[in-house]
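Please read the structure below before turning to the comments.
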Amino acid sequence: MTITGSLYTCRPDLIGFVNGLPLVVVELKKPGVSARQAFDENLTSYKHAQNGVPELFWFNALLIASNGTESRVGSLMADWERFLEWKRIEREDEPRRVSLEVVLRGTCEPSRLLGENHRYVFTLIHKFQLAEVLCDRRDVIVITDEAHRSQYDTLALNMRTALPNALFLAFTGTPLIVGEERTREVFGDYVSIYDFQQSVEDGATVPLFYENRTPELLLENPSLNDDIYALIEEAELSEETERRLERGVGRRRFARRKNSSNSCVSPSRRPRTSVRATG
């Protein structure tokens, strides 16, 4: 189909219309030609304000670039690095594969494409300062990004009070699981898990290697121990404070000698402090 703009015309390979609105634009290359060329030479050109037909993208939901085997999908303003492979169609546990069929069936199957609802409202959790009901409808869905951060305290409780019947869906790369699984406890069980290994295999994340090392540190003040204990002696700490200090520096023992007028730390019993970092 030829699309005519104010200055230029273009001929995309495939356009997906819904009720006359062009929601999907697909650009194809022959096998052996990189799918990126479809993005660089065609899709990018079509979107250009002066040299393209930007009117084609006024209602756009997604873009697809493919050469039959290499296939990627992205949003209107995404650069090529944000165009990603679509690897599943129906189930979380189905074999992952990349093909034009998978990306088309996974994104453009009518029940998925037509199931989109564009009545979105974006807000910040900091606006929920009061614990009062704002909407008690049951068709409200709250989608939370970075759900490991601010979803467990007063503002989060206020938001749930404001939307008592809403469904809460969370995204996070670092769920709170130490000691207790707070993220799962607050939001429910996992709907989909995309783990680190899958991300590495997809090329979305570089591999992480950990090597334990002990860096060498130079102590610039060789009299540090004496300076510390001089400060302690001058402070005239109570016995309780000394006990807390003792625990804080690694359960070393302080010797105190008391008399009627003052107290001091015995030089012969001063622990020798060293500085060491482990990583």
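Before moving on, here are some points about what is shown:
- Residue count for region 87-124, restricted to those that are in contact (Cβ under 8 Å) with a residue 12 or more places away in the chain, within 17 Å of Asn60 (Cβ to Cβ) and part of a loop (DSSP other than H, G, I, E, B): 2
- Verdict on Gln129 being in contact with a strand residue (DSSP E or B) (Cβ under 8 Å, 6 or more places away or on another chain) and modelled with pLDDT of 85 or more: no
- Looking across Thr44, Thr2, one residue alone is of a type in the set (S, T, N, Q) and in contact with a strand residue (DSSP E or B) (Cβ under 6 Å, 6 or more places away or on another chain). It is Thr2.
- Output for region 52-69, where each listed residue is polar (S, T, N, Q) and either within 24 Å of Ile193 (Cα to Cα) or surrounded by fewer than 17 Cβ atoms within 10 Å (Cβ to Cβ) (or both): Thr69
- Qualifying positions in region 27-51 - over 16 Å from Gly74 (Cα atoms), of a type in the set (Lys, Arg) and either surrounded by 13 or more Cβ atoms within 10 Å (Cβ to Cβ) or within 29 Å of the chain's Cα centre (by Cα) (or both): Lys29
- From Arg96, Arg72, Arg112, residue being surrounded by fewer than 17 Cβ atoms within 10 Å (Cβ to Cβ) and over 30 Å from Val140 (Cα atoms): Arg96
- Residue in region 135-147 that is touching a Ser or Thr at 6+ places or on another chain (Cβ under 7 Å) and on the phi > 0 side of the Ramachandran plot present: yes
- Among residues of region 137-164 that are surrounded by 15 or more Cβ atoms within 10 Å (Cβ to Cβ), those with a beta-carbon under 9 Å from a residue that is among the acidic types (Asp, Glu) at least six positions away or on a different chain give the pairs Asn158/Glu132; Ala162/Glu132; Leu163/Asp136.
- One residue stands out among those in region 180-194 that are hydroxyl-bearing (Ser, Thr, Tyr) and touching a residue at least 24 places away in the same chain (Cβ under 8 Å): the one that is surrounded by the fewest Cβ atoms within 10 Å (Cβ to Cβ), which is Ser192.
- Applying the criterion of being part of a loop (DSSP other than H, G, I, E, B) and within 28 Å of the chain's Cα centre (by Cα) to the residues of region 58-72, the residue that is nearest to Leu100 (Cα to Cα) is Glu70.
- Just one of (1) part of a loop (DSSP other than H, G, I, E, B); (2) modelled with pLDDT under 85; (3) exposed (fewer than 10 other Cβ atoms within 10 Å of the Cβ) fails for Glu234. It is (1).
- A Cβ distance below 7 Å, combined with a sequence gap of six or more or placement on separate chains, defines the contacts here; from region 34-57, residues that are assigned to a helix (DSSP H, G or I) reach residues that are among the basic types (Lys, Arg) and surrounded by 15 or more Cβ atoms within 10 Å (Cβ to Cβ) in the pairs Ala35/Lys29; Ala35/Arg72; Gln37/Lys29; Ala38/Lys29; Pro54/Lys47; Phe57/Lys47.
- Taking region 125-207 and the helices (runs of 4 or more DSSP H) fully enclosed by it, the elements with 1 or more residues that are over 25 Å from Arg96 (Cβ atoms), over 17 Å from the mean Cα position of the chain (by Cα) and small (Gly, Ala, Ser) are at 154-162.
- Any hit, region 214-230, residues being closer than 22 Å to Thr144 by Cα, surrounded by 11 or more Cβ atoms within 10 Å (Cβ to Cβ), among the hydroxyl-bearing types (Ser, Thr, Tyr) and at pLDDT below 85: no
- Residues that are in a loop (DSSP other than H, G, I, E, B) and either within 18 Å of Gly52 (Cα to Cα) or among the aromatic types (Phe, Trp, Tyr) (or both), drawn from region 1-33: Met1, Thr2, Gly5, Ser6, Leu7, Tyr8, Arg11, Pro12, Asp13
The values are calculated or read from the model by the stated rules, or taken from the named source; none is laboratory data. The model shown is predicted, which means the values in this text are computed figures rather than measured ones. With ideal geometry, Cβ positions are generated from the backbone for all residues, glycine too; neighbour counts draw on all protein chains shown.
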